Structures are given as C-alpha cells and as structure tokens.
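Single-structure report; data block below.
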Amino acid sequence: MKSILEQLEPCTPGGYSPGGPRATEPTAWAAMALSRAGRNDSAGRAGEWLAALQSRDGSVGVGPDAAQPQWPTSLAILAWRRIDPTRFSAQIERAVAWTLASKGKPAPRNPKIGHDTTLIGWSWAADTHSWLEPTSFAAMSLRAAGYQDHPRSTEAVRMLVDRLLPTGGCNYGNTEILGQTLVPHLQPSGIVLWALAGEDANDERIGRSLEYLEGQLAKPTGCASLAYAIIALTAWQRRPANANGLIAEAVGRPDTKDSTYKLALLALAADEEFHE
Amino acid sequence: MSNQHSKTQIDKIDRRTLLKVGGAGAILCATPFAYRWGRPRAKVFVSRGQHYDGPLAQTIRDGLLAGGAEPAWYRGKRVLLKPNLVEPTKAIPHMTTNPAMIVAAAEVFRGWGASVKVGEAPGHVRDTEMALIESGVSEALADSGIGFADLNYEEVVWRRNRGKRSKLRGFWLPQSVAEADVVVSMPKMKTHHWVGITCSMKNFYGVLPGIKYGWPKNVLHHNGIPQTVADVNATLPRTLAIVDGITCMEGDGPILGTAKQMGLVLVGASLASVDATAARIMGLDPMQVEYLRLAVRRMGPLDDSLIEQRGEVWQELATPFEILDQPHLQKLRLEKVGPQVT
C-alpha cells in the first residue's frame, strides 16, 4: 500500500495514462485514496483542484477546459466528502443539487430491448439514456451526502438491479437486445455491485454477480477492472484471499507507473477497510 | 493478380460511339458515358484464400499498390491504425480485428518509412487495458514494438462537422487522430443488428473518445446512427480501409453473431466503396444501407459500375450472410447472390 501511495502522490492531480491530460475522475479517486491514507495535504490540494473545476450550476466536468460532459460530478462529491465535508460543504451542496436535478433520458418500453427503459438514473452525457456506471457513482455520492432515502436514490437502486444480467454481472447497461442476452464485463459489474453494497436490494442476481466477480479474478484483466472487482467484493465482505497479490502484480505493470487513475484505484482496492 | 473487369471495355465503347455518332444520337449515347464520366470512381482490392498465419503483409501491400498507393509518400508520415475492439472477449474472437492483421499492416507502412501507432476507443468497455488483453492485441503490439493510443482519454480537438447529415455541429477528435496523416480503418467484416453491416465506415465510431461521448457513445446514437457514421467519416483526415474479412461475423452482429470463414482481405481508399463491396459479398444491397447512402461524395461511389474491382471480383466471392429475422434487416437482402450475378 505504501509503495502505491508513494507513486500516486507526486502524480496527483493527474490523468488516465502516463503523460496524459489531467482529468477529474483520476484526481477524485486519488484524493480519496490519499485522504484515507492520512496524506491530508496532497488530498486537500486535489480537492481544491476539483473545486476549481466546478461550474456555476454545481457540476464538475471531465477535466480542465472541459465543462462537458458532467458525469464525474458525483466523483467530486465522494472526494470532497472524504477529504473534509466541512471545508468543502459549499461545493458539495451545489454538486448534490446538480446531481438531483440531472436525469438520464427515459424511453418507452421496447420489446427489442430487455431492460426497463423508463427507469431514470444518470447518463454519460446530457440528453442521453441512463447507464450503469454514472448511475452507480451518483447513487454512491447521494448516499454519502445523506440522501439514501431520496426518491432519486431509490429509483437508482431499482435501475441498477434491473440491469443485472440473468446469470449475474453486468454489461455496459443493456441486458438483452433483439432477444439475445449480452455478456458481462468485470468493470461495470464491479462498480454496480459496489454501489449496491449497503443498499436494501434483494435479488438473486446479486449473489450470482458476486460469484461472477470471484470467478473472473483468476483471469488476466486490466488494472481498473481488477480494482473495481476487489473493491466490490470487499464491500460485500467477500474479499478474495489473494487480493493483495493480484494488486501487487497490477502495480508492477509498466503502464501502471505514473497513471494516476490506475494507481488510485489500486490504492483503494488495497485498502481492506474501504467500502464507502 | 490484377483482374480487369469487363466494365472497362464498356466505357471504351461508349467513348467511341460518342465520337462517331453526331446529333441526338450522340446525346443519347453520351448519357451513360456522361453519367460515369461526371461521377467519381474508386478502386477496391479483394484478395481470397487468406489466413491469419499467412503472408498478410504481402497481401496488404499488394492491395494498397493496386489502389494506387505510392510508397514514397508514406516516408515520414504518421499512420494511425484503428482496429475494431468494441467489446473484446476471448470467448468471441470473431468479434474483433485479429491482431495478425494489425501487425501485418504496421509492417507494410513501417516498411515504407512511416511511423505507425495503433489507436482505439472501445465503445462498450471503459477499461481499454482489459480490451487489449482480451483481444490479444496487447501481446501482439508488445512483440512488434508498436505503440498504442487510448483514444478514449486523450487531449481532444474540435473539428467542424463536414458531413452535416446530423445536427451535430462538430466532433471532438483525440489528438492522435487529428495529428495523423492517415487514419486506417481496420474493421472486422460483420453484420450489424441495427444498420445491417458494420465495416470500415462504422468502425470509425471508435475514434471518438468515450470520455466525451459515453459508453456506449449515446450522443451519436441519439443523433442518428446512419447520419453520424456518415458525418464522422466526412470529418476525419485522410483515410484508408484494410478489412479483416478472414473470419467474419454473421447473424446477430456486431457482438453476438456466429463466425463465418471467408478468407478475404479488402483494401481501398474510398471507404464507402469498400463497404459497398463488402455488403455485396455478404449478400446485402449497399443501396439499402442508410449510412452508405448518406456518405459524402468523396467517400466513393456505391454504384458497382463505378467501382473498379482489383484482385478478385465480388460476384465470385458472394455468399449470403445470415441476418436476424427483422424487417429492417431482411429488406437489405440482395435478390441474387453468387457468380451468376452481373
């Protein structure tokens, strides 16, 4: 864990890949990881960097000079809440207000599409449909901010459960298209299961999804997918015994070095107490 | 190797007729000639009997040269190869461009003095590292020393929409795309359950960054898939197509269809013409594929009489691909497929 933080701290704020542009998501995750590790100065600086990106409407765009799209707003909320909810109370309040007002575009039910298109979550970009990852992040941010019982939060949970595949796991957010069931992938499955941990959701696909995550960890995969899967299993108190070994291998890959995004997620996955 | 199509002789007869016959007769005879003279032509190279462990670099080189490529032009140029890695999984290898095709193409362009990079913005998976591992591309690039650009997360530049088929005013292009001298579409030849076929033009959805357009790229879907396919292609810098038609996908493409062995490689600089040829080989009418009809003029003609076939002729290769029993797809069927079609 310490070695990950030693690499992460100097490249925060940072981006998705070494030398790549600084971006909101990697910096938000990094802020959370650094804060949890007690590195409050660097976490605070990351929090201020995020605050400087906040628009008048309360949203936070994908990066500097990129106010659109605004899906990372919820990640900024999570980061500020973690760093110091008092110091960033004004930013959190405005971001929460924007999040509650922002909606994915619903559509009438369509027999060619398997999921319930009328459920409203959050979208990647304005005026587009609701998808799993932005909805998961928004649900987690509202829960962290004390809005777990808000109708938007409860509908988000219904939406996430609706999009689980019959045999477990999630695709990017479709379930069935023209009668064919899509295949699951580790990253969206991990993110959705992480969001559902601690929610009052009762569906047998959740158990199948957790088994899916456990089964996939034996196969080579990307750092982000690995991290999200371990975070989710930890949140459900099913942390794999070999989690730290898998994380260490991922940290050692050449492309992980200087990637704020990958290092931050792996740092959070390495934190055995992390499940917020 | 070059196989002159009989249509070339028809053109010569028309010109001779025009010179000999005057007056109204000349006007009547000139009409088909004038039609073809005034409209752009394109060359599409098709090679059969190809294998992933075969001499693909030679095939691709032959195809590019047959299309008029000048190797000296590529010296010092930046070439970006764009394969299809939309949603890779080891369980469905026929969904994505085979790594052997990518390595072979890189070999050709590097041999001509170009600097080559591979770039992709997978549309259905955010973890590009995972996509590279599942598709086998990661290992292939590492073995060949070819660099990779994750187009989902680069610095972006704004480019005005040069197609104007949709309402989008412009597109955010990743730096690697905007700076490339040539962007090479390297699709897998597949059916598509919404638009009928996905080939070189539809593959260019994957140059647009998910960080701006989402996963999937819903901004494009909400503005019309055929319209935005046409617009993205019109907005890109110079493009080429090298199509992986060796193991294709039929049925419920572009993700869950079944493998279909064809052994083909298609190459061309006019992507609409390449896709039109691919469609005909698949037993589909390109004139019924909306994104092809919307393609701007410089993407090449769809009319078979304006496409000069190099290598094989499509009629001898055509075999109906299975498509879903949906009305919007069944209407794409060509009535006749096979060597008897002229």
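The values are calculated or read from the model by the stated rules, or taken from the named source; none is laboratory data. Every value quoted in this text rests on a predicted model; they were computed, and no experiment measured them. Because the Cβ atoms are built from the backbone with ideal geometry, glycine has one as well, and the counts that use them run over all protein chains shown. Areas reflect the complete protein model, heavy atoms only, side chains present, ligands, DNA and RNA absent. Shrake-Rupley method; radii C 1.70, N 1.55, O 1.52, S 1.80 Å.
Each Lys or Arg adds one and each Asp or Glu takes one away; over the other residues whose Cβ falls under 15 Å from the Cβ of residue A:167, this sums to -2. Relative to the longest principal axis of the Cα atoms of chain B, helix B:7-20 runs at roughly 40 degrees.
Under the classification rounded if a/c is under 1.5, otherwise prolate if a/b is larger than b/c and oblate if not, where does region B:56-173 fall, given a ≥ b ≥ c as square roots of the Cα gyration tensor eigenvalues?
Numbers: a/c = 1.75, a/b = 1.09, b/c = 1.61.
Cα axes put region B:56-173 in the oblate bin.
Rg over Rh for the protein assembly as shown works out to 1.01, using Cα positions for both radii and the Kirkwood form for Rh. Scanning residues 5 or more positions from residue B:201 or on other chains, none has an amide H under 5 Å from its amide H, with H placed 1.01 Å from N in the peptide plane.
Taking 50 Å² as the minimum loss, tell me which residues in region A:2-22 lose that much accessible area going from the chain by itself to the full protein complex (1.4 Å probe). Buried by the other chains: A:16, A:21. Set the bar at 26 Å for Cα to Cα. Now go through A:103/A:219; A:103/B:167; B:90/B:190; A:105/B:190; A:105/B:167; B:43/B:336 and name every pair that lies beyond it. Listed pairs above 26 Å: A:103/A:219; A:105/B:190. When Rg and the Kirkwood Rh are both derived from Cα coordinates, the Rg/Rh ratio for region B:209-270 amounts to 1.04. Using the Karplus relation 6.51 cos²θ - 1.76 cosθ + 1.60 with θ = phi - 60°, the per-residue 3J(HN,Hα) values for region B:242-256 come to 10, 9, 7, x, 7, 10, 9, 10, 10, x, 7, x, x, 10, 10 Hz, with x marking Gly and Pro.
Out of the total accessible area of region A:177-242 (probe 1.4 Å, heavy atoms of protein only), what percent is carbon and sulfur?
Working: 1070 of 2460 Å².
Percent of accessible area from carbon and sulfur atoms in region A:177-242: 44.
Label positions at residue B:238 and residue B:142, each projected 7 Å from the Cα along the C-beta direction, are separated by 3.4 nm.
What FRET efficiency, computed as 1/(1 + (r/R0)^6) with R0 = 45 Å and r the Cβ-Cβ distance, is obtained for residue B:58 and residue A:3, rounded to the nearest 0.05? Each step should come with its number before you reach the end.
Values: r = 48 Å, r/R0 = 1.06.
Here the calculated transfer efficiency is 0.40.
Other residues whose C-beta falls under 14 angstrom from the C-beta of residue A:17 contribute a net charge of -3, scoring Lys and Arg +1 and Asp and Glu -1. Sequence-distant contacts, meaning Cα pairs under 8 Å at least 6 residues apart, place the relative contact order of region A:170-275 at 26 percent.
Kirkwood's formula applied to the C-alpha pairs of region A:1-122 gives a hydrodynamic radius of 15.4 angstrom. Protein heavy-atom accessible surface, 1.4 Å probe, per residue over the protein assembly as shown: 39 Å². Principal-axis analysis of the Cα atoms of chain B puts helix B:99-111 at an angle of about 70° to the longest axis. Of the residues A:71, A:150, A:186, the one whose Cα sits farthest towards the positive end of the charge dipole of chain A is A:71 (charges of +1 on Lys and Arg Cβ, -1 on Asp and Glu Cβ, taken about the Cα centre). Other residues lying with their Cβ under 10 Å from the Cβ of residue B:181 contribute a combined charge of +2, Lys and Arg counting +1, Asp and Glu -1. Ellipsoid semi-axes for chain B, based on the Cα gyration tensor and the rule √(5λ), read 32, 22, 21 Å when sorted largest first.
Within the assembled protein chains, the solvent-accessible surface assigned to residue B:240 is about 20 Å², based on a 1.4 Å probe.
Simple spin-label estimate for residue B:162 and residue A:126 gives 2.8 nm between the two label positions (7 Å along the Cα-to-Cβ direction from each Cα).
Show that you can apply the helix-only estimate: for chain B, add -39,500 (n - 2.57) for every DSSP H stretch of four or more residues, divide by all residues, and state [θ] at 222 nm to the nearest 500.
-9500 deg cm²/dmol
Buried accessible surface for the B/A pair, both sides summed and rounded to the nearest 100, is 2800 Å² with a 1.4 Å probe. Of the solvent-accessible surface of region B:224-292, computed with a 1.4 Å probe and all protein chains present, 49% belongs to carbon and sulfur.
Where only DSSP H runs of four or more residues are counted, chain A gives -15500 deg cm²/dmol as its mean residue ellipticity at 222 nm, each run worth -39500 (n - 2.57). Taking a ≥ b ≥ c as the square roots of the eigenvalues of the alpha carbon gyration tensor, chain A is oblate, as a/c is not under 1.5 and a/b does not beat b/c.
Residues B:262, A:32, sorted by accessible area with the largest first, give B:262, A:32 [1.4 Å probe; ligands and nucleic acids excluded].
Can you pull the semi-axes for region A:123-232, root of five times each eigenvalue of the Cα gyration tensor, sorted largest first, whole Å? Intermediate values should be presented prior to the final figure.
Details: eigenvalues 90, 54, 38 Å².
In descending order the semi-axes read 21, 16, 14 Å.
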